[in-house]
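Chemist: Shown below is the structure under consideration.
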Amino acid sequence: MSDKDTSKQYICHRCGIPLEPMKTGFSYLNRNFQADILRCPTCGLVYIPEDFVRDRMAGIESRMESK
Amino acid sequence: MFYDRITECLEFEPPYCAVEYPFHWDVNDFIGKVRRGNFTAAFRAYRNAVVFPVTVSSLCGAPCARACPLAGEEVAIALNLLERAACEHTKSPKPEHFSIPAKGQRIAVIGAGPAGLACAYRFAERGYGVTVYEKTGRIGGGLNDLLDGERYIEEIRSQFAGLDCDFVFEVEVEDIGALRRGDAGGGTADDGADSAAHGAPGSDPYDAVYDARGIEGDAIGKIAAGLAAVNPIEAFLKTGRAQNEEPAPAMPEYGVEIYAGRPARALADIMRERGESSGDAAPGKDDAVREAERCLMCKCRYCTDSCDLIRFFKKTPATMGEEVRVTTGLDGLRGEIVVAKRLISSCNLCGICKTVCPKNIDMEHLFREAREKLVDKGSMPWAFNDWFLRDMAQANSGDASVAIAPASGAGGYAFFPGCHLGGSDPGYVLKSYEWLAARWPDTSIVVRCCGVPAVWAGERKLWEKLFGEIRDMWHTLGEPTFVFACPTCMLTFGTYLPEIEGVSLYELMADGGPRGDLARGAASYSVFDPCSSRACPDVQEAVRGLAQSLGFSLSPLPSGRDRALCCSYGGHAAVANPEYTQFVRESRIAEGEGTYITYCSNCRDIFAGEGKGAIHILDALFAGGGKPASAPYGGIGLTGSDYGSDEPASADGLAARALREPPTVTERQENRRRLKASLVYGMAPDMRVIGGSPVPAYDPSHEVKLHIPDALRRQISREYILEPDLAAVVAHCEATGDKVDIEGMGLMAGHSKIGHATYWVEYREIGVGEYELTRAYQHRMEIDEDGTPGVPKTHETVTVNER
């Protein structure tokens, strides 16, 4: 049940269509970032898998907090 | 204030031996190299310090031994023999002359005795052109009269090989001024001297002259004097300003502890027994290494030995002070400086630094002030303290906080258990209050947080508000003496609410407390003093008295009493620096084999969470089985134990309590709600609730019923995620339809921002309104969900996808 299983389809529950990677903005401690994140092409619903949060976002958060 | 004090730090004070030693060098560095068996590196360090190593090590009368702290206790370290060992076992005694560019300046040295030679050598080594004027026809001066003189002079000759240094013999310089001006080479310049020599009539003048004549002392003292002259002369050449010689170091102010576990036998004794101590015999390599291991390597290391933060970050107080000053005081070109924010938020604020420091340098104060400054600047990362402040808010909310006092008017005592004791186990508070009320029936109880999380977070406005609330409550209750169960509450009150008199629960219990025989069948036990108990030695004694009267035989821990150290909880460092708090936990657990008896529920839960057996002293007092309760809180005893008895625990009961898994962060808050409900519903008829909401209005069923597997429950607790928050996220996803269906898995996923953080859940429906959680995680970054997908509103170059 790995997040990295790309064969999994993520479907927007409301719109009934698959999510697609789209550039999305983030902010933390007065700085802004962007990342390709799965979103619903219609309503913009976001999905961020656990691996991405733990492996990528956590490291950047930590570096923003202190060197 | 701090930055003035930090200059008093004894970090750079030399070892004792170096004070007596005429060459002021880094002896500890030399000893370290010998310990590692690296005699070549040791030799280089030594040669660099004394210039003529064989000569100096042979002639040295070892004045260092007089200052060695081992001199009176064991036998002084034979530094002199170690120096000889370095000379003997180095791979190469040849000098290394690095290709330093010529300085283009010339120095005249008058006299080719030990002082002049040492000075000349050092200048030549640094790239100066040197001419030595000697009235006789040979170098060495008084060394020539010594038994082994020829050997020493041979060494000196070999050291000078390849350096730009001329010797002018049989010239007596009478007019130094003339020498400098270049118009006289001395009164007898033409008596056989090299007429082309610098300084001789008609040649270039010298930039500086060192007159080595008339220096008093033995050969060693003269060499040292010649070397000591070099830096002031060089400084003068560079700046044009006169500079005094560096003053000899003063005797260090720190003391050293002669610790055990070092080699027992002194090298001098060993060599004497073997008949090897004649002349200037050098010891063998192994013997030298052992002697170096016997050395205490004196330096002030009180804080570096005691403070976990210094041990973990491997930074000295001065370095930390500078990083904190920059981080809190300055802004960089690209915005604020974030260099030391994690350091600032990692300190456990236990104060061991100032306790052990011979100069009382207070790093704790520095870090407290720095946190306040970061909060004032608005640049404290919210995540560092968010959980702890939210948890405190819950403890102080109508859900968990309550004050109960006799309807007829409050009495002499008010029990203040603190927020974590009841969070760990409501029974601790209920049984303790029962015990107090049985002896002093008019005892009130105030259940809330003492406010220390606001202090640790640097939130001054918040702590002033909270202490104001507590002060008001104290007045309302008729200004009772507060009875503390938690040493941190007690310390916090003593610091911020000094007008409120306090006593610890354990001091009251120690007077005529229970007796028992827990030694039977029991494993080894040690009292673990919480760091905050350092301020109250009477409480430390009371707990030991209680433990002993219960029958425990206690093994002391290395830390404890006036050296008590933090369990890792203090200062709320766990979010800012989890690796550091893990390091602290492991350090404390490694101190003792047995079960820890402590009197802070955070210490108890921290250790038990690592699988280390730990009990609260209240476990020993109240975890006994026995008759049903006659007291008001019938039915509520310590979790998992029979209720209602004031009998002490059995040894087996205690072993189970020692391994009791600590509650999750959710259970902790739930325990506080249970505590309040038990207190209010079990209240005696002559008691009343003071102010606030009398009964918790909390509905634990929430909007959805969430099933969480045990492993996931423990994981989210470690990450400071509350289960009701996750239930709220699921409820939000279900109510709005803002969720993702994960195809083929029957799973759904969604998120919601609660407070600062964004929480994600992955779950499946298992019944009507019932869900099983399969994943839960959070992040601190905020998603710009309102922005148009694909068109971020920023130009920031950092992209999250790339590492």
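Just so it is clear, none of the values below were taken in a lab; they were calculated from the coordinates. Note that the structure is predicted; figures quoted are calculated from it, not measured. Glycine gets a Cβ as well: all are built from the backbone with ideal geometry, and neighbour counts include every protein chain shown.
Chemist: What are the residues whose amide H is under 5 Å from the amide H of B:Ser504, where those residues sit 5 or more places off or on another chain and H is modelled from the backbone?
Modeler: HN-HN under 5 Å from B:Ser504: B:Phe484.
Chemist: Continuing with this model, one more query. Antiparallel as a % of all DSSP beta bridges within chain B, to the nearest 5?
Modeler: Around 45 percent antiparallel, to the nearest 5.
Chemist: Along segment B:584-594, what does the Karplus equation 6.51 cos²θ - 1.76 cosθ + 1.60 (θ = phi - 60°) give for ³J(HN,Hα), rounded to whole Hz, x for Gly and Pro?
Modeler: Computed from phi, the couplings for segment B:584-594 are 5, 4, 5, 4, 5, 5, 6, 6, x, 6, x Hz.
Chemist: Now a separate question. If r is the Cβ-Cβ distance from B:Asp164 to B:Glu785 and R0 is 56 Å, what FRET efficiency results, to the nearest 0.05?
Modeler: 0.15
Chemist: While we're looking at this one, here's another question. For a label point 7 Å from the Cα of B:Glu253 along Cα→C-beta, name the residues of segment B:1-32 whose backbone N is under 18 Å from it.
Modeler: Residues B:1-16, B:19 qualify, since their backbone N sits under 18 Å from the label point.
Chemist: Right, here's the next one. Would you mind getting me the FRET efficiency between A:Lys67 and B:Ala711? Use the beta-carbon distance for r and R0 = 30 Å, nearest 0.05. Show your work: numbers first, answer last.
Modeler: Values: r = 34 Å, r/R0 = 1.13.
Efficiency, rounded to the nearest 0.05: 0.30.
Chemist: On to the next question. For chain B, which longest stretch is free of loop sites, where a loop site is one of the chymotrypsin sites (Phe, Trp or Tyr not before Pro) that DSSP puts outside H, G, I, E and B and that has at most 14 other Cβ atoms within 10 Å?
Modeler: The longest such stretch corresponds to B:260-803.
Chemist: Straight-line reach from B:Lys753: which lysines fall under 18 Å, measuring Cα to Cα and dropping same-chain residues less than 8 apart?
Modeler: B:Lys753 reaches B:Lys739.
Chemist: Now, a different point. Please get the size of the charge dipole for segment B:343-444, origin at its Cα centre, with Cβ charges of +1 on Lys and Arg and -1 on Asp and Glu, quoted in debye to the nearest 20.
Modeler: Working: 9 positive and 11 negative charges, 61 e Å.
Here segment B:343-444 has a charge dipole of around 300 debye.
Chemist: With unit charges on the beta carbons (Lys and Arg positive, Asp and Glu negative) and the dipole taken about the Cα centre of the protein assembly as shown, which residue among B:Leu679, B:Ala18, B:His732 sits farthest to the positive side?
Modeler: Of the candidates, B:His732 comes out farthest on the positive side.
Chemist: In the structure shown, do any of B:Lys299/B:Lys377; B:Lys285/B:Lys359; B:Lys377/B:Lys676; A:Lys8/B:Lys705; B:Lys465/B:Lys676; A:Lys67/B:Lys612 have a Cα-Cα gap over 30 Å, and if so which?
Modeler: In this structure, B:Lys299/B:Lys377; B:Lys285/B:Lys359; B:Lys377/B:Lys676; A:Lys67/B:Lys612 lie more than 30 Å apart at Cα.
Chemist: Using amide H atoms built 1.01 Å from N in the peptide plane, name the residues 5+ places from B:Ala208, or on other chains, whose amide H lies under 5 Å from its own.
Modeler: B:Arg106, B:Ala108
Chemist: Using a 10 Å cut-off around each Cβ of peptide B:748-758, what is the average number of partner chain Cβ atoms that fall inside?
Modeler: Whole-number average of other-chain Cβ neighbours for B:748-758 is 2.
Chemist: Work out the length of the dipole vector of segment A:20-65 about its Cα centre, built from +1 on the beta-carbon of each Lys and Arg and -1 on the beta-carbon of each Asp and Glu, and round it to the nearest 20 debye. Don't skip to the answer; put the middle values down first.
Modeler: Values: 6 positive and 7 negative charges, 37 e Å.
I would put it at about 180 debye.
Chemist: Could you work out, residue by residue across B:575-584, how many beta carbons of other chains sit within 10 Å of that residue's beta carbon, and then give the average as an integer?
Modeler: Taking the mean over all residues of the peptide, I get 1.
Chemist: May I pose another question? Using θ = phi - 60° and the Karplus form 6.51 cos²θ - 1.76 cosθ + 1.60, what ³J(HN,Hα) does each residue of segment B:336-348 get, whole Hz, x for Gly and Pro?
Modeler: Per residue, the Karplus-derived 3J(HN,Hα) values read 6, 8, 10, 4, 10, 5, 5, 4, 4, 8, 8, 4, 6 Hz.
Chemist: Shifting gears a bit: Given the rule -39500 (n - 2.57) for each run of at least 4 DSSP H residues, summed and divided by the residues of chain B, what is its mean residue ellipticity at 222 nm, to the nearest 500 deg cm²/dmol? Don't skip to the end; give the middle numbers.
Modeler: Values: 35 runs with 330 residues, N = 803.
About -12000 deg cm²/dmol.
Chemist: Enumerate the amide H contacts of B:Ile77 below 5 Å, restricted to partners 5 or more residues apart or on another chain; note that Pro and chain-start residues carry no placed amide H.
Modeler: Result for B:Ile77 returns B:Leu70.
Chemist: Under the definition of partner shielding as Cβ atoms of other protein chains within 10 Å of a residue Cβ, what is the mean value for peptide B:740-746?
Modeler: Values: counts 14, 7, 8, 6, 3, 4, 0.
Average per residue, whole number: 6.
Chemist: Now a separate question. Where the only charges are on Cβ atoms (+1 Lys, Arg; -1 Asp, Glu), what is the dipole of segment B:302-382 about its Cα centre, to the nearest 20 debye? Write down the numbers at each step before the final one.
Modeler: Details: 13 positive and 11 negative charges, 30 e Å.
In debye, rounded to 20, segment B:302-382 gives about 140.
Chemist: Which length gain, in nm to one decimal place, applies between B:Met297 and B:Arg688 when the Cα-Cα distance is subtracted from 0.36 nm times their residue separation?
Modeler: Details: separation 391, 0.36 × 391 = 140.76 nm, distance 6.47 nm.
Value of the extension gain: 134.3 nm.
Chemist: Consider all pairwise Cα distances in chain B and report the whole-number % of them above 54 Å.
Modeler: Everything past 54 Å amounts to 35 percent.
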